[in-house]
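Chemist: Below you will find the structure I want to go over with you.
The values are calculated or read from the model by the stated rules, or taken from the named source; none is laboratory data. What you see is a predicted model, and the numbers here were worked out from it, not measured in a lab. Cβ placement follows ideal geometry from the backbone for every residue including glycine, while neighbour counts extend to all protein chains displayed. To get the accessible areas, we keep the full protein, side chains included, count just its heavy atoms, and leave off ligands, DNA and RNA. Shrake-Rupley method; radii C 1.70, N 1.55, O 1.52, S 1.80 Å.
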Amino acid sequence: LDWYDGKGTQTLEPEFQYLYIPYKNQDEIGIYDSTTTRQDYYSLFSDRRFAGLDRISDANKMSLGVTSRVFDNESVERLRLTLGQAYNFQTPKVTLLPHDEQLLNSRSLLTFEGDLHPSDPWFLKARMLYNTEESQMSLGSSAVEYRQDQFMAQLNYRYVREGNVVVTAPYEQTDMSQLGGLTAIPINQKWQAIAAYYYDLQQSLNIDRLVGLRYDSCCWS
């Protein structure tokens, strides 16, 4: 690239994966420590749908993705963009619990992730999961972060479609829309004052507040 004194570098990294795992009925195996994994770009290329070993999902799918990065003249990554989606040739039959509904979508959520590092103290992050079959966003998050030596401050926002359960009857699911911030202020080399605050815009609720002291040594904190 012409950027960064003419020594910038941009990459283009396509990824393709075909995954086949035959179906085996596992309803008689108890659930001890397994759960459904959260989807992100890297989970599209994983051979597991569940965390833990109590369920091994069958699969017959193709995953497609592309990543592009920009490095400056000192090989520091300044920008990373990823886009990916998986296509099921056959919907998986294995479910976490015997009476759970099977997945019927032929495509996974379209996954987008972006990281921007415009200057040394500043970081911007964004993530989105989009349901292409229903034409609606399922999840979105963004963050702006500033780091200087041991000082850190971050403002972030996250949205999850039907990610909240109303705390009063009839306990309906609503969209999650939350705004948050956190900071770490150095006191000396090993001590920091930390604070965090999160607010649910959908329900007008303070959902998390934290004030504390943090100590870090060479091998524990």
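Chemist: The conditions are (1) open to solvent by 70 Å² or more (accessible area, probe 1.4 Å); (2) modelled with pLDDT under 95, and ASP216 fails exactly one of them. Which is it?
Modeler: The single condition ASP216 does not satisfy is (1).
Chemist: When the residues of the stretch 123-136 are narrowed to those that are of a type in the set (S, T, N, Q) and either part of a strand (DSSP E or B) or free of Cβ contacts under 8 Å to residues at least 40 places away in the same chain (or both), which ends up least open to solvent (accessible area, probe 1.4 Å)?
Modeler: Filtering first and then ranking leaves ASN131.
Chemist: If you scan the stretch 39-81, which residues turn out to be among the hydroxyl-bearing types (Ser, Thr, Tyr) and more than 18 Å from PRO118 (Cβ to Cβ)?
Modeler: Of all residues in the stretch 39-81, those among the hydroxyl-bearing types (Ser, Thr, Tyr) come to 41-43, 46, 57, 63, 67-68, 75.
Listed by number, the residues that qualify are TYR41, TYR42, SER43, SER46, SER57, SER63, THR67.
Chemist: If you don't mind, there's one more thing I want to ask. Hey, any hits in the stretch 180-191 for a residue that's at pLDDT below 90, open to solvent by 80 Å² or more (accessible area, probe 1.4 Å), under 30 Å from ILE56 (Cβ atoms) and of a type outside the set (Ser, Thr, Tyr)?
Modeler: Filtering the stretch 180-191 down to residues at pLDDT below 90 leaves 189.
Okay, now just the ones that are also open to solvent by 80 Å² or more (accessible area, probe 1.4 Å), so 189.
From the residues that got through so far, the ones that are under 30 Å from ILE56 (Cβ atoms) too are none.
No, the stretch 180-191 has no match at all.
One line per residue, one yes/no per condition, for (1) within 30 Å of ILE29 (Cβ to Cβ); (2) open to solvent by less than 80 Å² (accessible area, probe 1.4 Å); (3) basic (Lys, Arg); (4) not in a loop (DSSP other than H, G, I, E, B):
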{"site": "VAL70", "(1), (2), (3), (4)": "no, yes, no, yes"}
{"site": "LEU81", "(1), (2), (3), (4)": "no, yes, no, yes"}
{"site": "GLN85", "(1), (2), (3), (4)": "no, yes, no, yes"}
{"site": "LEU96", "(1), (2), (3), (4)": "yes, yes, no, no"}
{"site": "ASP100", "(1), (2), (3), (4)": "yes, yes, no, no"}
{"site": "LEU104", "(1), (2), (3), (4)": "yes, no, no, no"}
{"site": "GLU113", "(1), (2), (3), (4)": "no, yes, no, yes"}
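Chemist: Then there is this: Filter the stretch 1-45 down to the residues that are closer than 15 Å to SER57 by Cβ, of a type in the set (A, V, I, L, M, F, W, C) and in contact with a Ser or Thr (Cβ under 9 Å, 6 or more places away or on another chain) and list them by number.
Modeler: The answer is LEU19, ILE21, LEU44, PHE45.
Chemist: Check PHE71 against each of (1) closer than 20 Å to LEU103 by Cα; (2) modelled with pLDDT of 90 or more and name the one condition it does not meet.
Modeler: (1)
Chemist: For the stretch 187-220, give me the residue count where each residue is out of contact with any Asp or Glu (no Cβ under 7 Å at 6 or more places or on another chain) and under 13 Å from GLN150 (Cβ atoms).
Modeler: 10
Chemist: Tell me, yes or no, whether the stretch 137-155 has at least one residue that is in a strand (DSSP E or B), β-branched (Val, Ile, Thr) and open to solvent by 60 Å² or more (accessible area, probe 1.4 Å). Even if it seems obvious, please write down each step before you answer.
Modeler: Initially, the stretch 137-155 is screened for residues in a strand (DSSP E or B), giving 137-148, 151-155.
Cutting the leftovers down to β-branched (Val, Ile, Thr) gives us 144.
Subset that is open to solvent by 60 Å² or more (accessible area, probe 1.4 Å): 144.
Yes, the stretch 137-155 contains at least one residue that is in a strand (DSSP E or B), β-branched (Val, Ile, Thr) and open to solvent by 60 Å² or more (accessible area, probe 1.4 Å).
Chemist: Can you find a residue that is at pLDDT below 95, among the polar types (S, T, N, Q) and under 18 Å from the mean Cα position of the chain (by Cα) anywhere in the stretch 101-111? Spell out how you get there, then give the answer.
Modeler: We begin by selecting, within the stretch 101-111, every residue at pLDDT below 95; these are 101-109.
This time we only want the ones that are among the polar types (S, T, N, Q), so: 102, 105-106, 108.
If we keep only those that are under 18 Å from the mean Cα position of the chain (by Cα) as well, we get 108.
There is at least one residue in the stretch 101-111 that is at pLDDT below 95, among the polar types (S, T, N, Q) and under 18 Å from the mean Cα position of the chain (by Cα).
Chemist: Shifting gears a bit: Restricting to the stretch 1-59, and then to whatever is assigned to a loop (DSSP other than H, G, I, E, B) and hydrophobic (A, V, I, L, M, F, W, C), can you tell me which residue is most open to solvent (accessible area, probe 1.4 Å)? Break it down into steps so the answer makes sense when it comes.
Modeler: The first filter runs over the stretch 1-59 and keeps only residues assigned to a loop (DSSP other than H, G, I, E, B), leaving 1-2, 7-8, 22-34, 37-41, 46-49, 52-58.
Now drop any that are not hydrophobic (A, V, I, L, M, F, W, C), which leaves 1, 29, 31, 53, 56.
Working: LEU1: 74, ILE29: 83, ILE31: 64, LEU53: 131, ILE56: 68 Å².
Among them, the one singled out is LEU53.
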